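Have a look at the structure below before the remarks.
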């Protein structure tokens, strides 16, 4: 089955790893937290998905296994700020992407070179080729998303989220084609506000998801009613999203046809399964059941 996955951070990347084993997979990755650091274009979510698909993820869950830190150590000795930590191999992938961008390539094609370099067969598409930085208001000031997450330690409460730049961008033709040709579209278990939210906020994305003939199913990011990683709870509180599968169903509204979760959901088709993905077999299990559930739905 041709599956298109909308993905942000760790939850979506884990599901992508499982889906790659049971489907012909294309991932549409959030690029709202991309940043320029150390003179290179860093794409945290597209890279995270790519590293999981390559089976190269490290024990932290977001870097490359066996990476070294000589560049960061050299910068520290030179008294340069190193709050955004990039391993040497990770930095090399960013250099590949940046070199392509400076030569005039689209972000889509530039990141494709990273995917190729990592030996990944699935497609990983940035949601847009345009810069669409997410900003967060907290502690009385606006933060670039990476600064909020790292320098501020993602300390809430979240007072506001700015996705204004998204309104002047749009999904790439590659993304729209991946949705139109999919036999199932899956909204990954990522933060609904800062990971999936920017994707859905792109002009034309809502219509593309409503128009596609493929069933669209969301996998809840909540496991036993809690968040496993990251500041999802703080962002959901700000956005008024109930921290439950029911809340996810309400947040995505008419875009989705069903929900996969470990708790009941009222009002639309749902599949209740264990959604914890702590190893590759469990990632494959959740992916397989999600695909089967999507296949059972008809638009």
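The values are calculated or read from the model by the stated rules, or taken from the named source; none is laboratory data. Worth saying up front: this structure is predicted, and the values here are computed from it rather than measured. Positions of Cβ are backbone-derived with ideal geometry, glycine not excepted, and every protein chain shown enters the neighbour counts.
Against the criterion of being more than 30 Å from residue 160 (Cα to Cα), touching a residue at least 60 places away in the same chain (Cβ under 8 Å), buried (at least 16 other Cβ atoms within 10 Å of the Cβ) and in contact with a helix residue (DSSP H, G or I) (Cβ under 9 Å, 6 or more places away or on another chain), residue 115 qualifies. Just checking, does the stretch 229-241 include any residue being in contact (Cβ under 8 Å) with a residue 40 or more places away in the chain, more than 26 Å from residue 147 (Cα to Cα) and over 19 Å from the mean Cα position of the chain (by Cα)? Scanning the stretch 229-241, I find no residue that is in contact (Cβ under 8 Å) with a residue 40 or more places away in the chain, more than 26 Å from residue 147 (Cα to Cα) and over 19 Å from the mean Cα position of the chain (by Cα), so the answer is no. Report yes if some residue within the stretch 275-284 is in contact with a strand residue (DSSP E or B) (Cβ under 6 Å, 6 or more places away or on another chain) and farther than 23 Å from residue 235 by Cα; otherwise report no. Scanning the stretch 275-284, I find no residue that is in contact with a strand residue (DSSP E or B) (Cβ under 6 Å, 6 or more places away or on another chain) and farther than 23 Å from residue 235 by Cα, so the answer is no. Could you say which residue among 214, 251, 218, 245 is within 22 Å of residue 30 (Cα to Cα) and touching a helix residue (DSSP H, G or I) at 6+ places or on another chain (Cβ under 6 Å)? Of the residues listed, the single one that is within 22 Å of residue 30 (Cα to Cα) and touching a helix residue (DSSP H, G or I) at 6+ places or on another chain (Cβ under 6 Å) is 218. Residue-level analysis places residue 294 among those that are out of contact with any helix residue (DSSP H, G or I) (no Cβ under 9 Å at 6 or more places or on another chain), crowded, with 20+ Cβ neighbours inside 10 Å and part of a helix (DSSP H, G or I). Residues in the stretch 177-194 that are part of a helix (DSSP H, G or I) and free of Cβ contacts under 8 Å to residues at least 60 places away in the same chain: 177, 180.
Restricting the stretch 118-168 to residues that are at pLDDT below 95, assigned to a loop (DSSP other than H, G, I, E, B) and out of contact with any helix residue (DSSP H, G or I) (no Cβ under 7 Å at 6 or more places or on another chain) leaves a set whose member that is surrounded by the most Cβ atoms within 10 Å (Cβ to Cβ) is 152.
Looking across the stretch 79-88, just one residue is within 18 Å of residue 45 (Cβ to Cβ), free of Cβ contacts under 8 Å to residues at least 40 places away in the same chain and surrounded by fewer than 19 Cβ atoms within 10 Å (Cβ to Cβ), and that is 85.
Residue-level check: of (1) free of Cβ contacts under 8 Å to residues at least 24 places away in the same chain; (2) over 21 Å from residue 9 (Cα atoms), residue 299 misses just (1).
Give me the pairs: first residue in the stretch 2-13 and on the phi < 0 side of the Ramachandran plot and surrounded by fewer than 24 Cβ atoms within 10 Å (Cβ to Cβ), second residue modelled with pLDDT of 95 or more and in a strand (DSSP E or B), beta-carbon distance under 9 Å, and six or more apart or on different chains, which are they? Partner pairs satisfying both residue conditions: 2/24; 2/25; 2/26; 2/184.
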